[in-house]
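Novice: One structure, pasted below without further comment.
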Amino acid sequence: MIREHIKNAFPEDKLLTEETFDGTIPVGSRVWMVDPLDGTKCYVDPDSTDFCVMIGLCINGSPSLGVVLEPATGVRWKGICIGNVRRAWRVEADGMEVEISALPPKIGPLLRFT
């Protein structure tokens, strides 16, 4: 369903999903990456809410926007990184939105993972 929506909305864009990955990374000016169920082991555990849906877009090889949704809690995170605009938000299940800090444009020689 996610692939279909992206393809309908952006027919010229490339798409990389776990289900369709054939060993080649799509090359293009706009590439969407989708993991429709990250945390499969937690998904099948009835006591866990630690799984999510992740969608991101790279433009010309740079991460540009993304969203992560926890279906079990309704919480989502969204962010944008285009030019000097680097903003991120946490959105609660009730719709309350709080801006959170985003990585600075230059992080030096260290690589950060979150």
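Novice: How do GLU12, GLU4, GLU99 stack up against each other in accessible area, from largest to smallest, with a 1.4 angstrom probe?
Specialist: Largest to smallest exposure gives the sequence GLU12, GLU4, GLU99.
Novice: Under a point-charge model restricted to the Cβ atoms of Lys and Arg (+1) and Asp and Glu (-1), what is the dipole moment magnitude of region 1-82 relative to its Cα centre, in debye to the nearest 20?
Specialist: Roughly 380 debye for region 1-82.
Novice: Kindly identify the chain as rounded, prolate or oblate by the Cα gyration tensor criterion: order the square roots of the eigenvalues as a ≥ b ≥ c, call it rounded if a/c is under 1.5, otherwise compare a/b with b/c, prolate if a/b is larger, else oblate.
Specialist: Since a/c reaches 1.5 but b/c is at least a/b, the shape of the chain is classed as oblate.
Novice: Right, something else. What does the charge count near TRP89 come to, summing +1 for each Lys or Arg and -1 for each Asp or Glu among other residues with Cβ under 11 Å from its Cβ?
Specialist: +1
Novice: Output ³J(HN,Hα) for region 44-51: one whole-Hz value per residue in order, computed from phi by the Karplus curve 6.51 cos²θ - 1.76 cosθ + 1.60 with θ = phi - 60°, and x for Gly and Pro.
Specialist: Values per residue, Gly and Pro as x: 7, 8, x, 9, 10, 10, 8, 9 Hz.
Novice: I'd like the trypsin sites (Lys or Arg not before Pro) in region 1-82 restricted to DSSP loop residues with at most 15 other Cβ atoms within 10 Å, sorted by number.
Specialist: none
Novice: Something else: Please identify the chymotrypsin sites (Phe, Trp or Tyr not before Pro) of region 1-77 that satisfy two criteria: DSSP loop assignment and at most 14 other Cβ atoms within 10 Å. Which are they?
Specialist: Those satisfying the criteria are PHE21.
The values are calculated or read from the model by the stated rules, or taken from the named source; none is laboratory data. Because the structure is a prediction, the values reported are computed rather than measured. Every residue, glycine among them, receives a Cβ derived from its backbone with ideal geometry; neighbour counts consider all protein chains shown. Keep in mind that these areas ignore ligands, DNA and RNA; they rest on the heavy atoms of the full protein, side chains included. Shrake-Rupley method; radii C 1.70, N 1.55, O 1.52, S 1.80 Å.
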